[in-house]
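Let me begin by presenting the structure, written as structure tokens, before commenting on it.
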Amino acid sequence: MNMELTKGFVDFIDDAKLHSLINNTREDPVVYRAILKKSLSKQPLTVEETAALIAVQSPEGLHEIFETARELKRSVYGNRIVLFAPLYIGNYCINDCQYCGFRRSLRSTVRHSLSDQELVNEVRSLEDEGHKRLILVYGEHPKYTPEFIAHTVRMTYATKSGKGEIRRVNINAAPLDIEGYRTVKEAGIGTFQVFQETYHKETYAKYHPGNTQKSNYLWRLNAMDRAFEGGIDDMGIGALFGLYDWRFEVLGLVSHAIHLQTTYGVGPHTISFPRIQPANGMELDLPYRVSDQDFKKLVAILRLAVPYTGLIMTARESRAIRDEVMEFGVSQIDAGTKLEIGGYNKERKGDEQALDEEQFQIGDTRNLDEVIRWLLTRDYIPSFCTACYRVGRTGEHFMEFAIPGFIKRFCTRNALLTLAEYLEDYSSDLTKEEGYKLTERELAKMPDGDEKESLKERLKKIREQGIRDILY
């Protein structure tokens with residue numbers, strides 16, 4: 001790797017400091033209760049304050065953390081859960097990440113990139129299920145240039161099926177240079193997502209061998225800095241939990257969020273926290289696997305530490321874990337997920353998965369309608385809302401709404417509108433019944449006035465007049 005590529009970039013991960021905080025911070029009820037009180041005021045936490053929450057081990061302290069995370073999540077986001085689907089465009093890769101089913105040295109992986117027609121077919125299948133939000137996923141390979149990514153984004157937006165359309169396309173791809181980000185931005189993307197995988201430098205080097213772009217820690221660490229310089233103010237970060245100590249990774253994510261907000265005035269729009277799962281050809285000794293209890297704890301702490309940020313829990317996790325962890329801070333999930341290239345047009349029996357075509361194994365294989373009905377019965381509003389992106393509430397403007405919690409006013413109403421579209425156009429009868437029961441409950445909660453009447457009128461237009469894409 002040409003070190004000029006990382007010249008001038010900042011290493012904002014202080015390994016010694018983070019280890020010291022982990023090793024030397026002790027549980028203190030006076031301290032952690034003051035921090036929890038600060039969180040409820042919707043203020044982001046410092047790395048030191050986050051470490052103080054990580055240090056909490058007592059049942060009483062953990063209960064207070066979970067309850068505060070639940071309260072904060074409801075205060076900022078209400079009871080909505082945003083739904084999306086990943087669409088894998090191609091799995092060629094020049095990297096050799098030891099945990100990944102796409103790594104270059106794995107000869108048993110079936111390699112393919114979607115043709116234009118295959119991409120159209122995949123998007124139509126997703127639209128016919130009711131999806132409105134996609135994240136396009138690419139292997140890290142010279143095939144997948146910024147121009148190629150922009151082309152697939154434009155094709156996705158242009159593809160319509162019946163009443164279906166994709167209203168927002170997010171991206172998970174290799175970090176780009178500044179000009180590359182500009183090219184992708186012009187195609188109209190939403191969030192550009194890059195996971196650091198692990199913030200621990202020694203572990204990063206261990207799992208990312210070879211003279212490749214990904215083996216350069218700083219190039220990846222500063223991916224979001226270049227994105228911002230390239231005009232993208234909507235950024236997603238994440239870590240793959242299980243490669244190293246989860247406590248270090250949480251502090252790394254918080255350090256990253258602080259760096260972005262301090263440097264650019266815009267923190268990450270989303271944070272993802274996937275746990276490592278089985279993959280084709282993966283034979284690793286993983287001493288840092290995260291238990292279910294620690295997973296629940298780390299999600300709650302991330303919610304408290306970065307209150308303005310959407311937290312994404314993927315279908316890597318089982319239904320049971322998603323059911324348990326959801327309430328402590330999660331605001332986005334994927335549903336009806338297929339990870340094979342072309343997987344949305346392949347017939348599979350039940351929960352069958354083809355690991356030789358996938359990046360990793362998923363845990364929740366339910367279809368979209370099943371996931372929506374599950375959310376409804378738990379009193380969540382399934383949302384396909386894309387309003388913030390499309391009316392300019394991104395970057396600093398989004399932060400102005402999100403940090404004080406004002407965004408909830410828009411989110412709840414837009415979520416109910418997009419839910420009504422789904423119920424009318426795609427839902428099973430059972431899900432439709434549950435959906436309108438929840439809608440009535442939500443309307444009953446709202447104070448009488450112009451906002452409530454406006455929402456009722458818009459819902460009526462969707463149900464009775466067939467009008468679509470009404471947003472606040």
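The values are calculated or read from the model by the stated rules, or taken from the named source; none is laboratory data. What you see is a predicted model, and the numbers here were worked out from it, not measured in a lab. Don't worry about glycine lacking a Cβ; one is built from the backbone with ideal geometry, like all the others, and counts go over all protein chains shown. Note: accessible area is taken over every heavy atom of the protein model, side chains too, but ligands, DNA and RNA are not part of it. Shrake-Rupley method; radii C 1.70, N 1.55, O 1.52, S 1.80 Å.
Some points to look at:
- Filter result (small (G, A, S) and surrounded by 14 or more Cβ atoms within 10 Å (Cβ to Cβ)) within the stretch 253-301: S255, A257, G267, S272, A279, G281, A300
- Of the residues making up the stretch 153-179, those that are closer than 30 Å to F9 by Cα and surrounded by 17 or more Cβ atoms within 10 Å (Cβ to Cβ) are V153, V169, N170, I171, N172, A173, A174, P175, L176.
- Residues located in the stretch 100-143, provided they are of a type in the set (F, W, Y), assigned to a loop (DSSP other than H, G, I, E, B) and either under 13 Å from A174 (Cα atoms) or open to solvent by 20 Å² or more (accessible area, probe 1.4 Å) (or both): none
- Filter result for the condition that a residue is of a type in the set (D, E) and under 30 Å from E229 (Cβ atoms), over E317, E249, E327: E249
Residues are listed down the side, and each one gets a yes or a no for (1) at positive phi; (2) within 28 Å of the chain's Cα centre (by Cα); (3) acidic (D, E):
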| position | (1), (2), (3) |
| --- | --- |
| K432 | no, yes, no |
| L438 | no, yes, no |
| D450 | no, no, yes |
| K456 | no, no, no |
| I462 | no, no, no |
| R468 | no, yes, no |
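- The residue list A227, A150, A205 contains one member that is open to solvent by 10 Å² or more (accessible area, probe 1.4 Å), modelled with pLDDT of 95 or more, part of a helix (DSSP H, G or I) and of a type in the set (G, A, S), which is A205.
- Every residue from the stretch 360-387 that is farther than 18 Å from F328 by Cα, in a loop (DSSP other than H, G, I, E, B) and in contact (Cβ under 8 Å) with a residue 60 or more places away in the chain: F360, Q361, I362, G363, N367, F384, C385, T386
- Close pairs (6 angstrom Cβ cut-off, 6 or more residues apart or separate chains): closer than 19 Å to I258 by Cβ in the stretch 48-60, assigned to a helix (DSSP H, G or I) and of a type in the set (K, R) anywhere: I54/R247
- Only one entry in I65, I13, I94, I89 is within 30 Å of I362 (Cβ to Cβ), within 21 Å of the chain's Cα centre (by Cα) and either among the β-branched types (V, I, T) or not in a helix (DSSP H, G or I) (or both), namely I89.
- Filter result for I372 (open to solvent by less than 10 Å² (accessible area, probe 1.4 Å) and at pLDDT 55 or above): yes
- Within the stretch 332-363, restricting attention to residues that are within 19 Å of the chain's Cα centre (by Cα) and farther than 17 Å from L87 by Cβ, the residue that is modelled with the lowest pLDDT is Q361.
- The residues of the stretch 68-85 that are modelled with pLDDT of 95 or more, open to solvent by 10 Å² or more (accessible area, probe 1.4 Å) and assigned to a strand (DSSP E or B) amount to a single one, F84.
- Looking at L40, L36, just one residue is touching a residue at least 12 places away in the same chain (Cβ under 8 Å) and either small (G, A, S) or open to solvent by less than 60 Å² (accessible area, probe 1.4 Å) (or both), and that residue is L36.
- Residues (farther than 15 Å from K460 by Cα and of a type in the set (F, W, Y)) located in the stretch 412-438: Y426
- Residue in the stretch 158-173 that is hydroxyl-bearing (S, T, Y), assigned to a strand (DSSP E or B) and over 17 Å from the mean Cα position of the chain (by Cα) present: yes
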